[in-house]
Each structure stands twice: as structure tokens, then as C-alpha cells.
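For reference, the structure discussed in these notes is given below.
None of the figures in this text is laboratory data; all of them are computed from the coordinates on show. Computed from a predicted structure; not experimentally measured. Positions of Cβ are generated from backbone atoms using ideal geometry, with glycine treated the same way; all protein chains shown enter the neighbour counts.
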């Protein structure tokens, strides 16, 4: 799909090192990218840092830009990768990663974020086939319905320890599956399947 002649001219100028063209791209996209990153990171300073790093990346690699394509999807791709790398570094607790999971579900109406969530759900569903039927049921109740051990035990008429053991065993299998992915994003999400 082609882009407007004005945007194309600006990208050509940016590729040539025109700082005013870069400034225009920055001004037009900073707020959208910041909002996107803040929804993921829930931290103003980190979101701003990721967006600034995104534009720095664009400036350094400006020669690789394709003047026939809109720059917006390219910016989202870079900022998403940087934000997820940042989350992988800071998500050291179960609570932090669980919060990320919930946050991603809440903001999934946005097109870019919906793509992230859809990718995650597809990958998770593919991984779930490695679990026993009981483990799959418990995993879905835990992750998708947000139920704790006691609530799952009551619904399935099982002991709390049985639920816990099934979930831990299932999470270990999922972790192995996720770790086979080359994607930093899926490696990040894999952390949410390990009980600390």
C-alpha cells in the first residue's frame, strides 16, 4: 500500500540526514508511541526512555528506511521490541509479570496491542497441547479466569495441593516450550509461568 507524497518526501529527506525531517517524524509520532509504551511499562520515565531510544534507532539506521512505506508501523515495531526487552529485564517477580499479563489484556483494543496479545494467545494455545487435560483446565482457570489455588480446588473438587502440583508441573512444561522460541517477547512471557 502506497503512502502520500508528502510523507514519502519527508522519509527521503530523513534518509538523507535532514534533521528537520527527523523532527517532523518525532513530533508526529512521539505522543502515540509514548502512550503505547506507557500502557505496557506503567512507568513514565521508562516509557519516555524507550521512545527516545526508538527515535535514536531510527536516526542511526535512517539509511535503511523504505520511502515507499509508512514509517509509523516501523516505529511501533521498534518501540514494542525495546519495551518488551525492558520488561524482560525488570520483570523479576511473579507479581510483576502477572500485572503485565493483566495490563496487556486491558489494553488489547488498540490495534498494535491487540496484535501482541493475539500472538501471545496463539503461542500459549499451541504450548497448551503439551499439558495433560487436567493441567490445561487448571492453567486456563488460573491464567484466563484469574482464579487462585483455593478457588480452582473448590470448582474442580480437588485439594489445594493437587491443584498446585498440577499447575507447577504444567508451568514447567510450558516454560520449556516458551524457551525454545527465539523471540525475546515470548521469553519474557515465559517468566510468568514460573512460580517464584
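Approximating the spin labels as points 7 Å out from Cα along Cα→Cβ, the residue 81-to-residue 67 distance works out to 2.4 nm. With the simple model of a label 7 Å out from the Cα in the direction of the Cβ, residue 20 to residue 164 spans 6.7 nm. Out of all Cα-Cα pairs in region 5-90, roughly what percent, to the nearest whole number, are more than 18 Å apart? The answer is 39 percent, as a whole percent. The ranking of 11, 138, 3 by Cβ neighbour count inside 10 Å, starting from the fewest, reads 3, 11, 138. Per-residue Cβ neighbour counts within 10 Å put 80, 62 in the sequence 62, 80, beginning with the fewest.
Counting neighbouring beta carbons within 10 Å and listing from fewest to most, the residues 84, 128 come out as 128, 84.
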